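Asks: What follows is a structure written as structure tokens; I'll ask about it next.
Derivation of every value follows stated rules applied to the coordinates shown; laboratory data play no part. Since this is a predicted model, take the numbers as computed values, not measurements. Note that each Cβ is placed from the backbone with ideal geometry, even for glycine, and that neighbours are counted across all protein chains shown.
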Amino acid sequence: MEKIHTPYLEILDRIQWLGHGSFRIQGPPLIYINPWTVTSGPFLADAVLVGHDHYDHCSPGDIAKLVGPESVIITNALAADFLPEYGSVKVLRPWQSINVDRASIKAVPAYTPHSAVHAREAGGLGFVISLDSYDIYYAGDTGLIPEVEKIHADIVMVPIDGRNTMSPKTAAAMVNRIRPRYAIPYNWGNPNVGASKGDALEFRAACAPPTEAAILPVSR
């Protein structure tokens, strides 16, 4: 078995899956991605990333639990219309970047070809987060798109539910193009809006070396 490199584990341990498409990256800076049905923590977010305006990614009530006057909310133009001025709302287009403390956050396209639910014209976003010499790619709600050829990352987080996104095998095909050290599946474990653990295991089996799939427990 290939030896696991400790530095990768250090950054992986800072990533917590909050269920469905929601994540927390322990800081500094403290970053939340698409918080939905989350609980308040002891510390306010430095940045909240919101990929698009659907209710399970853009939840003003959940965002309000996490932000303060110094927090930055990073999103697209459609989702920004639903977000009161909790902190500072920054609208990005694909390939634009913003720095938050020690992190550089780049917006990247997230859409599903031939799908009206996640149409390219809606401007949905994924994010590449560069933090402490590592690049973390959160794909957003997306299909397998040609823009992925421009993305390089150490850790990749991808949807596997197949509901206008990617199936487990298609998500693994995306991962295998990028060749990260770790890949994390999401949009599973909730019978109402996601895939099953069996789908997560199917995804893991389809990921090719050097990538190892990390199936995270839900953290609250």
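Asks: May I ask you to work out the translational diffusion coefficient for segment 67-133 at 37 °C, viscosity 0.692 mPa s, via Stokes-Einstein with Rh from the Kirkwood sum over Cα pairs, reported in whole µm²/s? The partial results should precede the final answer.
Replies: Details: Rh = 12.9 Å.
D = 255 µm²/s.
Asks: Per the Kirkwood treatment, what hydrodynamic radius in Å, one decimal, follows for segment 3-127 from the mean inverse distance over all distinct Cα pairs?
Replies: On the way: mean 1/r = 0.0671 Å⁻¹.
Result for segment 3-127 stands at 14.9 Å.
Asks: So between ASP101 and LYS197, what do we pick up on full extension, going 0.36 nm a residue minus the alpha carbon distance?
Replies: Numbers: separation 96, 0.36 × 96 = 34.56 nm, distance 3.56 nm.
Separation in residues times 0.36 nm, less the Cα-Cα distance, equals 31.0 nm.
Asks: One-quarter of the Cα convex hull surface for segment 139-211, in nm²?
Replies: Working: hull surface 16.6 nm².
Across all orientations, segment 139-211 yields a mean hull projection of 4.1 nm².
Asks: Trypsin sites (Lys or Arg not before Pro) within segment 82-148: which are DSSP loop residues with at most 13 other Cβ atoms inside 10 Å? Intermediate results must be reported in sequence, preceding the final value.
Replies: On the way: sites: LYS90, ARG102, LYS106, ARG120; in loops: ARG102.
Hits after loop and neighbour filter: ARG102.
Asks: Looking only at Cα atoms, what is the convex hull volume of the chain per residue, in Å³?
Replies: Working: hull volume 24.0 nm³, N = 220.
Considering the Cα atoms of the chain, their hull volume per residue is 109 Å³.
Asks: If you place +1 on the Cβ of every Lys and Arg, -1 on the Cβ of every Asp and Glu, and leave all else neutral, what size is the dipole of the chain about its Cα centre, to the nearest 20 Debye?
Replies: Working: 18 positive and 22 negative charges, 68 e Å.
My answer is approximately 320 debye.
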